[in-house]
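S.K.: Sending over a structure as structure tokens; questions will come in a sec.
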Amino acid sequence: MEKIIHLDRITKNYKVGPSVVRALRAVTLDIHKGEYVAVMGASGSGKSTLMNIIGCLDTPSGGNYILNGTEVSSMSDNQLAEIRNREIGFVFQVFNLLPRNTALENVMLPLIYAGEKKHIRRELALKMLEDVGLGDRVEHKPNELSGGQRQRVAIARALVNRPSLILADEPTGNLDSRISEEIMKLFADIHRKGNTLLMVTHEEDIARHAHRIIRLKDGEIESDVPNLHPIY
């Protein structure tokens, strides 16, 4: 099976005053195309650091990271930005939508950075918004949408560039339980269409939607097991 993510003995150290904090300690991990993986861990476990490295938002102190066949461990900031836009779709807890832009304009943003022509940007963004159930909200701005609808816009934006990996960081953290379930059903649909999903969460009930659950402790992988009975 094709590997999307290959981490080989990844370390990350931070200097705090005279001390060195070892946030990640020789983490080795493979994630294959089409997998749906949840990463869990208490505060300070290293899960946010791991997400930042996998998302090419940060670089490791040591080890090798290959993303969809490309070695990214020692890339420059500009090179990492290009990789992020091409290979990774991000879904964050706080949505990160531009408040003065419509849903359609927000979803088109990655396509602008990718250099797509205007008519193609509009066509692809409209299709994504319809796919997430917001075909009738394309001209609405974020303050005219509910929390669940804003997260759907963020998911459409993450998908519009057809990335190799969808990376979701606490995607239901700002949503109530009913809306959270709706968003998790949408993630299940996205996974069934062949997308690779990596979700960082501290909520056990959210993690149970994934097909594989990785737990971190003190910067190391404590367990990595299949979820034999995923929700949906």
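The values are calculated or read from the model by the stated rules, or taken from the named source; none is laboratory data. Every value quoted in this text rests on a predicted model; they were computed, and no experiment measured them. Neighbour counts are summed over all protein chains in view; Cβ atoms, including those assigned to glycine, are modelled from backbone coordinates with ideal geometry.
S.K.: Tell me whether the stretch 91-100 contains one or more residues that are farther than 20 Å from Glu170 by Cα and touching a residue at least 24 places away in the same chain (Cβ under 8 Å).
M.R.: Checking the stretch 91-100: at least one residue is farther than 20 Å from Glu170 by Cα and touching a residue at least 24 places away in the same chain (Cβ under 8 Å).
S.K.: Report whether or not Ile120 is closer than 30 Å to Ala26 by Cβ and among the β-branched types (Val, Ile, Thr).
M.R.: Considered against the rule, which asks whether it is closer than 30 Å to Ala26 by Cβ and among the β-branched types (Val, Ile, Thr), Ile120 comes out as no.
S.K.: While we're here: Take the residues of the stretch 53-70 that are touching a residue at least 60 places away in the same chain (Cβ under 8 Å) and of a type in the set (A, V, I, L, M, F, W, C): which is farthest from Leu197 (Cα to Cα)?
M.R.: The extreme case among them is Ile66.
S.K.: Look at the stretch 216-230 and say how many of its residues are surrounded by fewer than 18 Cβ atoms within 10 Å (Cβ to Cβ) and either farther than 15 Å from Val37 by Cβ or modelled with pLDDT of 95 or more (or both).
M.R.: So the answer is 10.
S.K.: Does the stretch 96-126 hold any residues that are in a helix (DSSP H, G or I), polar (S, T, N, Q) and in contact with a strand residue (DSSP E or B) (Cβ under 9 Å, 6 or more places away or on another chain), and which are they?
M.R.: none
S.K.: Here are the criteria: (1) under 26 Å from Ala207 (Cβ atoms); (2) in contact (Cβ under 8 Å) with a residue 40 or more places away in the chain; (3) crowded, with 21+ Cβ neighbours inside 10 Å. Tell me which single one Ala26 does not satisfy.
M.R.: (3)
S.K.: Got at least one residue in the stretch 200-213 being in a loop (DSSP other than H, G, I, E, B), modelled with pLDDT under 95 and on the phi > 0 side of the Ramachandran plot?
M.R.: No, because not a single residue in the stretch 200-213 is in a loop (DSSP other than H, G, I, E, B), modelled with pLDDT under 95 and on the phi > 0 side of the Ramachandran plot.
S.K.: Please give the number of the condition Leu167 fails out of (1) crowded, with 19+ Cβ neighbours inside 10 Å; (2) at pLDDT below 95.
M.R.: Going through (1) crowded, with 19+ Cβ neighbours inside 10 Å; (2) at pLDDT below 95 one by one, Leu167 breaks only (2).
S.K.: Suppose we keep only residues that are surrounded by fewer than 18 Cβ atoms within 10 Å (Cβ to Cβ) and among the small types (Gly, Ala, Ser) within the stretch 122-155. Which one would you say is farthest from Glu170 (Cα to Cα)?
M.R.: Looking at the filtered set, the residue picked out is Gly135.
S.K.: Among the residues of the stretch 214-232, count how many are in a loop (DSSP other than H, G, I, E, B) and not hydroxyl-bearing (Ser, Thr, Tyr).
M.R.: Total satisfying the criteria: 7.
S.K.: For the stretch 186-200, does any single residue satisfy the condition of being crowded, with 20+ Cβ neighbours inside 10 Å, among the hydrophobic types (A, V, I, L, M, F, W, C), over 17 Å from Glu87 (Cβ atoms) and in contact with a His (Cβ under 7 Å, 6 or more places away or on another chain)?
M.R.: yes
S.K.: In this structure, does Ser48 turn out to be surrounded by 14 or more Cβ atoms within 10 Å (Cβ to Cβ) and modelled with pLDDT under 95?
M.R.: The answer is yes for Ser48.
S.K.: Continuing with the same structure: Identify, please: which residue in the stretch 166-190 is among the acidic types (Asp, Glu) and outside any loop (DSSP other than H, G, I, E, B) and is, among those, nearest to Gln93 (Cα to Cα)?
M.R.: Out of the qualifying residues, it is Asp169.
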